[in-house]
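The values are calculated or read from the model by the stated rules, or taken from the named source; none is laboratory data. As the structure is a prediction and not an experimental result, all values here were calculated from the model. Here the Cβ positions follow ideal geometry from the backbone for every residue, glycine too, while neighbour counts run over all protein chains shown.
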Amino acid sequence: MESNQILEIIYILEDSFIGEYVRSSLWLFPVIQSFHLIGLGILGGSVVLGDFRLLGILFRSESVSYVILQTKLWFNIGLFTLVITGVPLFLSEAVKCYYSRAFWIKISCLILGVIFVYFVRNPMALKSRNNFLLKFIGSVSFSLWVVTAASGRWIGFS
């Protein structure tokens, strides 16, 4: 797909009913963004707890599998909240996001982070007893999520 076609789709998305409604409302964008940040806190908290256990920083007396299992539900709730609130936020300023390098870094790291958590971090954390491997997985996961959050924050400055 050529970039002109993508840009046309972006303009259509921004001009959609939801995009127009959120953008024209005085209070709706900040309310949605507040819930988006709550979702970030929930997801971020579950990531920090799980990754810091993998790194051996927190909950050393608890097994890795116990901490990962306890944080899975909160990760899913946070991710669901972020996606549900992120879509209308995106639709309200799709053109700005299209031209924002920070947005593309955020989305790329978000996708990589989710894939990494579901298909690498959690399965390996539940099986492996290799401390070096667990620390490596924890540091990769934590790094992905820090870049996701930081680039998401940077969107507001671009």
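What do you reckon, is TRP104 within 13 Å of the chain's Cα centre (by Cα) and surrounded by fewer than 16 Cβ atoms within 10 Å (Cβ to Cβ)?
yes
Give the stretch 80-114 a look and list any residue that's part of a helix (DSSP H, G or I) and polar (S, T, N, Q), or say none.
THR81, THR85, SER92, SER108
I need the full set of residues from the stretch 117-132 which are farther than 16 Å from GLU62 by Cβ and exposed (fewer than 14 other Cβ atoms within 10 Å of the Cβ), in order please.
Passing the criteria: PHE119, VAL120, PRO123, LYS127, ASN130, PHE132.
Looking at this structure, is VAL120 under 27 Å from ILE137 (Cα atoms) and either of a type in the set (A, V, I, L, M) or in contact with a Lys or Arg (Cβ under 8 Å, 6 or more places away or on another chain) (or both)?
yes
Sort out which residues of the stretch 99-131 are charged (D, E, K, R) and modelled with pLDDT under 95, and write them in order of number.
Those that are charged (D, E, K, R) and modelled with pLDDT under 95: LYS127, ARG129.
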